[in-house]
Amino acid sequence: MDKYSFLNAAHTAYFADLYDQYLQNPDSVEPSWRAFFQGYDFGSESYGMDGEIVEGVSAQIPEHLQKEFQVVNLIDGYRSRGHLFTKTNPVRDRRKYEPTLDIENFGLSKTDLNTVFNAGDILGIGAQPLHEIIRHLEAIYCDAIGVEYMYIRNPERKQWIQERLNINDNHPQFSVDQKKHILKKLNEAVSFENFLHTKYVGQKRFSLEGGESLIPALDAVIERAADYGVKEFVMGMAHRGRLSTLTNIFGKSAKDIFSEFDGKDYEEEIFDGDVKYHLGWTSDRVTDTGKKINLNIAPNPSHLETVGAVVEGITRAKQDDKYPEEPSLVLPIVVHGDAAIAGQGLVYEVVQMAQLEGYGTSGTIHIVVNNQIGFTTNYLDARSSTYCTDVGKVTLSPVLHVNADDAEAVVHAMLFALDFRMKFKRDVFIDLLGYRKYGHNEGDEPKFTQPLLYKAIAKHKNPRDIYADRLIAEGVISKDHVAQLEEQYKASLEEKLEDSRKEDKTVITPFMQNEWVDYVTVKEDEMMKPVDTTYSKEGLEKIVGVISSLPKDKKFIRKIERLVESRKTMFEENKLDWAMAEHLAYGTLLEEGHDVRISGQDVERGTFSHRHAVVKVEDSEEEIVLLNTISEEQGRFFVYNSLLSEYGVVGFDYGYAMASPKTLTIWEAQFGDFSNGAQIMIDQYISAAEDKWKLQNGLVMLLPHGYEGQGAEHSSARMERYLQLCAKDNMFVADCTTPANMFHLLRKQMKATYRKPLIVFTPKSLLRHPKCVSTVEEFANGSFQMLIDDADVAVENVKTLVFVTGKFYYDLLEERENLSRNDVALVRIEQLFPLPEKEIKAVLEKYKGVEDVVWAQEEPRNMGAYSHMLMHLDEARTFRAATRRSYGAPAAGSSVRSKKRHQEVIDFVFDKSKNNQR
């Protein structure tokens, strides 16, 4: 009794239920309790405001009835802490935890073991002796499955879990056929790895050995999910076990995997490929009950956990597109490693998205293939938390820890997870506790760092043989059954191997090819061709009418009323600003049937208060989205303020764009340089996915950029980093200077017959700059201009030709006007990649008599676009560079110093004697 308080929440619930039962039917309760209730007046004063029993009640309860409360406490102890005392580790002893579940810690003793307690009702077994109650508790909470769930605050979810665990004491009751099927899938997992180990000695394959029960578990989930009506299955996993999963679950031919092992070249030249355990796959599977389910496993880089965010985005896009009324019909599963889920912060970001309006996917099943080691790092050095899955408690998700050697327990736990997800549309975590038979890869020596563990693993039977022994003992199979299964499966692999070696090229099947059937793969020459982005003035006027009219029956703050009304004024005055460029680009695309999704920090209003895509009613905060009210047939406009994350949200939106090429998908940074929080996603997916995995993607990244004295972190979007990643045909990079060009650029992204990532350096001060406006005619009948020549100077007068990009153009323009210099031509490069070399050279030819050609940028010399120009344009080597000096930080913190440096660059543009580089 000294270890646990006497009257806790479990007591209260039990006592209250018992008393209610007595009030309804006194004869239904045990005689001792009936006598107690009859002898004590429980009026309203007996209970506190929150329903707890008030002090003094316990003193009236006879000692033998008080022991009922101790048994309730014991049950509560098993439910809360039983997972600490399970048989879930196949190769190591569990760590020791205190206090234990010994009955003495609950005010009970061995003399109570044969006493019958009504508390057994809580477990659904009725009044039972204490030893029988303990047997049930041990079976439910301390065998091959440990369950964490008592922190869940929702009574319905908690009760569902308890009732589910009570069924057959949380042990599966599989039929003979089901057991044989589990063994068959286990054999495929074991035999596949053995086959690769003998045929490709020493090659990296990141085997699943030690966690083979993942294969029958995934197989069971797919079969059961199809019975729920699930139509699509989106999975992300790292390299370990991926090849087995591709072959034995997703139906990828072993022949193709053998070709990849043999290192053959690819059939197509348009991409460079990737290692075999990174490639994605899509297939259709017909289940045993005849239901069709689409299976997708997303391509992933070596950067662990990155694919999780992408999977969630893919899933959400499929849900929005095909199943908006029943989003749970697309099921995401993310497979983690134990070291990665505990160590990679991205997991926390993704988990935090789970219940958010803009990012939820109706629940994800998270599976940890727990090797108890990260490369060479022991699990005790890999985390401070008790479990690697403790991040799941952020969303109050149930966690099941399972012994990976117990195949039936693993399948049982997976089906529990699926049922929970389908009922509650929430995340659930499975911790599959196994081991890694070899080192991090098959050429590594794990005994250097874990000699004791690997001595134990060397003597340990694989899960298939353990399960086969069990089934033989149960009389389910004969002793030669496994040998027959192995012989048949390996014979099929030998046949595939022979077929593979007859071919000299590897064919890579595109991921999610059905979504991309209407799009072509293009190279740089096609990217440079114009795309028709015109839209009628009448159509624009109709959209302006909608987005400039707030509902008359609702009250808005006056400032927002004026702002919305000004949209119509701008159109009538023929001066459209940057916000109108966005609104009209979105509106026209919506009218043409495209969906638009914008997400990021503060995007609904816009960091700089220019967008106001969502307007709030003053007295209710009801959200009004005018772009969703243009017409009946329009596409859908989604705009979501994101959580304060870059890595996770960029990954999510990239995945969304991957699965929905018909949607204009935009991620906007709060400030451009904040995108470096997503650098892994930019490096591994955005810039390289088409080369590695033959994946197109039309994600748009809007990155506010410009030097306005805001300091080192709010000036530069790190333009140079994106430009350094540019190669051949992998993306577009733009730095527009007019609203019309921005309008056409966004429309071009959807009107083209291909998709490329689009990086746009967007303005801050230009959002309200009086000169940064465009005409309705330029919107309606213009097109995206990769380069804008200077129409305000006469060629014969020009002595200095300046190439510039972005907002710095307006600074130079103002200085030119102040100096009355009509001998300086300012030419804007609007598209930085692919660089419009032909157009630049045409400008140089036009001004061929000009000797002073300048590259001007407001960024330091080691940043911005200068090095990019040198790399991609030979003529740039002769340009006079007007830039800030090279610095480690993008900008000065002092506004005075920043302004001074900015003016020095401007001065040098117009007077080469004022060289600020000296």
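Could you give the length gained on full extension between residue 386 and residue 135, defined as 0.36 nm per residue of separation minus the Cα-Cα distance, in nm?
Gain on stretching residue 386 to residue 135: 87.8 nm.
Could I have the simple spin-label model distance between residue 166 and residue 846, label points 7 Å from Cα toward Cβ, reported in nm to one decimal?
8.2 nm
Let's test the formula: R0 of 25 Å, r as the Cβ-Cβ distance of residue 518 and residue 727. What FRET efficiency results, to the nearest 0.05? Mind showing how you got there, number by number?
Numbers: r = 26 Å, r/R0 = 1.04.
According to the calculation, E is roughly 0.45.
Leaving ligands, DNA and RNA out of it, report the carbon-plus-sulfur percent of the accessible area of the chain at a 1.4 Å probe.
For the chain, the apolar C and S fraction of the accessible surface comes to 48 percent.
Find, to one decimal place in angstroms, the Kirkwood hydrodynamic radius of the stretch 356-432, where the mean of 1/r is taken over every pair of different Cα atoms and then inverted.
Kirkwood radius, the stretch 356-432: 13.5 Å.
Taking the highest mean first, how do the peptides 222-235, 439-452, 121-134, 299-312 order by number of other beta carbon atoms within 10 angstrom per residue?
Per-residue Cβ counts within 10 Å, averaged per peptide and sorted highest first, yield 299-312, 222-235, 121-134, 439-452.
Measure nothing fancy, just the Cα-based angle from helix 739-751's long axis to the longest principal axis of the chain, in degrees from 0 to 90, nearest 10.
50 degrees
Run through the DSSP bridge list for the stretch 166-316 and note the antiparallel percent, rounded to the nearest 5. Mind dumping the intermediate values first?
Numbers: 6 of 10 bridges.
DSSP beta bridges in the stretch 166-316 are roughly 60 percent antiparallel.
Spin-label point model (7 Å from Cα, Cβ direction): what's the residue 777 to residue 480 distance in nm?
Once both label points are built, they end up 9.1 nm from each other.
Return the whole-Å distance between the Cα centroid of the stretch 656-689 and the Cα centroid of the stretch 385-417.
Each part reduced to its Cα centre gives a spacing of 32 Å.
Compute the accessible area per residue over the chain, keeping the other protein chains in place, probe 1.4 Å, unit Å².
Working: 36650 Å² over 918 residues.
Per residue, the chain has an accessible area of 40 Å².
May I ask which residue of 394, 359, 373 lies farthest towards the positive end of the charge dipole of the stretch 313-395, with charges of +1 (Lys, Arg) and -1 (Asp, Glu) on Cβ and the Cα centre as origin?
Checking the options against the dipole of the stretch 313-395, the answer is 373.
Taking Rh as the Kirkwood radius computed over C-alpha pairs, what is the Stokes-Einstein D of the stretch 113-155 at 37 °C in a medium of viscosity 0.692 mPa s, expressed in µm² per second? Don't jump to the answer; show the numbers that get you there.
Details: Rh = 11.4 Å.
Here the translational diffusion coefficient equals 287 µm²/s.
With charges only on Cβ, +1 for K and R and -1 for D and E, what is the dipole size of the chain about its Cα centre, in debye, rounded to 20?
It comes to approximately 1820 debye.
Sorted by accessible area (1.4 Å probe), largest first, how do 855, 281 line up?
281, 855
Between residue 568 and residue 814, what FRET efficiency comes out of the Förster formula 1/(1 + (r/R0)^6) with R0 = 35 Å and r the beta carbon distance, rounded to 0.05?
According to the calculation, E is roughly 0.75.
Which Cα, out of 906, 886, 896, lies furthest along the positive dipole direction of the stretch 872-918 (beta carbon charges, K/R +1, D/E -1)?
Farthest towards the positive end: 896.
Between rounded, prolate and oblate, where does the stretch 684-776 land on the alpha carbon gyration tensor, with a ≥ b ≥ c its root eigenvalues, rounded for a/c under 1.5, else prolate if a/b exceeds b/c? Before the final figure, lay out each step's value.
Working: a/c = 3.29, a/b = 1.39, b/c = 2.37.
Since a/c reaches 1.5 but b/c is at least a/b, the shape of the stretch 684-776 is classed as oblate.
Looking at the chain only, what percent of DSSP beta bridges run antiparallel? Nearest 5 please.
Rounded to the nearest five, the antiparallel share is 25 percent.
I'd like the distance separating the alpha-carbon centroids of the stretch 344-374 and the stretch 591-622, in whole Å.
So the two Cα centres are separated by 27 Å.
For a 22 Å ceiling on Cα separation, which of these pairs sit above it: 184/425; 184/505; 537/807; 204/252; 764/914?
Pairs exceeding the cut-off: 184/425; 184/505; 537/807; 764/914.
What accessible area, in Å² to the nearest ten, does a 1.4 Å probe give for residue 518?
100 Å²
If a/c stays under 1.5 just call it rounded; otherwise compare a/b with b/c (prolate if a/b is bigger, oblate if not). Do that for the stretch 129-177, with a ≥ b ≥ c from the square roots of the Cα gyration tensor eigenvalues.
On the way: a/c = 2.03, a/b = 1.25, b/c = 1.62.
The shape class here is oblate.
Give, in whole angstrom and from largest to smallest, the semi-axes √(5λ) of the equivalent ellipsoid of the stretch 733-825, with λ running over the eigenvalues of the Cα gyration tensor.
Over the Cα atoms of the stretch 733-825, the ellipsoid semi-axes are 27, 14, 13 Å.
Run the 1.4 Å probe and let me know the accessible area of residue 163, rounded to the nearest 10 Å².
Here the residue's solvent-accessible area equals roughly 100 Å².
Say R0 is 51 Å: what FRET efficiency, to the nearest 0.05, do residue 21 and residue 622 get from their beta-carbon distance?
Details: r = 46 Å, r/R0 = 0.91.
Once the sixth-power term is evaluated, E becomes 0.65.
Before rounding to the nearest 500, sum -39500 (n - 2.57) across all DSSP H runs of length at least 4 in the chain and divide by the residue total; then give [θ] at 222 nm in deg cm²/dmol.
Numbers: 30 runs with 349 residues, N = 918.
Helix contribution divided over all residues of the chain: -11500 deg cm²/dmol.
When all protein chains stay in place, what accessible area (Å², nearest 10, 1.4 Å probe) is found for residue 321?
90 Å²
Between residue 204 and residue 636, what length in nm is gained on full extension when 0.36 nm per residue of separation is reduced by their alpha carbon distance?
That works out to 150.9 nm of additional length.
The values are calculated or read from the model by the stated rules, or taken from the named source; none is laboratory data. Because the structure is a prediction, the values reported are computed rather than measured. Every residue, glycine among them, receives a Cβ derived from its backbone with ideal geometry; neighbour counts consider all protein chains shown. Just so you know, the surface numbers come from the protein's heavy atoms only, side chains and all, with ligands and any DNA or RNA stripped out. Shrake-Rupley method; radii C 1.70, N 1.55, O 1.52, S 1.80 Å.
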